[in-house]
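Let me begin by presenting the structure, written as structure tokens, before commenting on it.
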């Protein structure tokens, strides 16, 4: 008779994993052969697993990846694009993110930059690291909207707290004076505190010219480039290669 009230109490305490585990145990006749500590251990393990899964789903939802299914384990390591396997193994451990380094991925369109960035972001979420993905144009839009509706400080604090900020398509969107100042604000809050991942078709040597204003360009690049790992990809578009393959052989890894 005490089992049903206990289930209700577990629900009220939001111990959903333990609630499910106890419900399962109540339906198992052989569970009586286990001692109390073993049964409690199973319930606690279930609760831990449930909480980890919920946290992961929350992190993935908030990240808003452009490529939701990208995973570093599915990386096409055989494609001829100059990918350093040792470096990718190192980056896949996410140690660089915990140590607050940045990562810059450059290369031509379709070579896999966005896919790799989303795959690393996915791995960051699985490691319990908060992550946000933006195209640079969308980041500027969000910052402008925040200025207009009074949530500017809130957005800056949110970006500053994010363990890994991914900015995709760097160099495709013209930067206004306001955009340059906004970008400096974001990167200055994160400098040596959190990690930023940039993907771009533009070589890093052209970034100063792209940003425009010499003083702001120096400040932005100083906070972004000097403490970064770099991946320079080369070769033909992955989409072009995959489109020539039979459908059953196509790899999921595609990117602009």
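Coordinate-derived values only; no laboratory data. From a predicted model like this one, the values you see are computed outputs, not experimental measurements. Here the Cβ positions follow ideal geometry from the backbone for every residue, glycine too, while neighbour counts run over all protein chains shown.
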Practice problem: For residue 236 paired with residue 24, estimate the spin-label separation in nm (one decimal), with each label point 7 Å from Cα along the Cα-to-Cβ line. | Solution: 4.9
Practice problem: Please report 177, 24 as a ranked list, fewest other C-beta atoms within 10 angstrom at the top and most at the bottom. | Solution: 177, 24
Quiz item: Beyond 19 Å, what share of the Cα-Cα pairs of the stretch 1-137 remains, rounded to the nearest whole percent?
Solution: 62
Quiz item: For the stretch 53-93, taking Cα atoms only, what is the radius of gyration to one decimal and the Dmax to the nearest whole Å?
Solution: 13.2, 38
Practice problem: Report the relative contact order of the chain, percent, no decimals, based on alpha-carbon pairs under 8 angstrom and at least 6 residues apart. | Solution: 26
Exercise. Compute the distance in nm between two label points, each set 7 Å from the Cα along the Cα-to-Cβ direction, one at residue 35 and one at residue 57.
Key: 3.6
Self-check item: the stretch 71-215, Rg to Rh (Cα coordinates; Rh as Kirkwood inverse mean 1/r)
Solution: 0.97
Practice problem: Let me have the relative contact order for the stretch 3-61, percent, based on Cα pairs under 8 Å that are six or more residues apart. | Solution: 38
Quiz prompt | Percent of Cα-Cα distances greater than 17 Å, calculated over the stretch 184-232 | solution = 31
Quiz item: With each pseudo-label sitting 7 Å past Cα toward Cβ, what's the residue 99-residue 193 distance in nm, one decimal?
Solution: 2.2
Practice problem: Give me Rg over Rh for the stretch 3-61, both radii from the alpha carbons and Rh done the Kirkwood way, two decimal places. | Solution: 1.05
Quiz item: Percent of alpha carbon pairs in the stretch 158-241 separated by more than 15 Å?
Solution: 61
Quiz prompt | Kirkwood hydrodynamic radius over Cα pairs of the chain, then Stokes diffusion coefficient at 20 °C and 1.002 mPa s, in µm²/s | solution = 103
Exercise. On a C-alpha basis, how far is the centre of the stretch 118-167 from the centre of the stretch 66-99 in Å? Whole number, if you could?
Key: 21
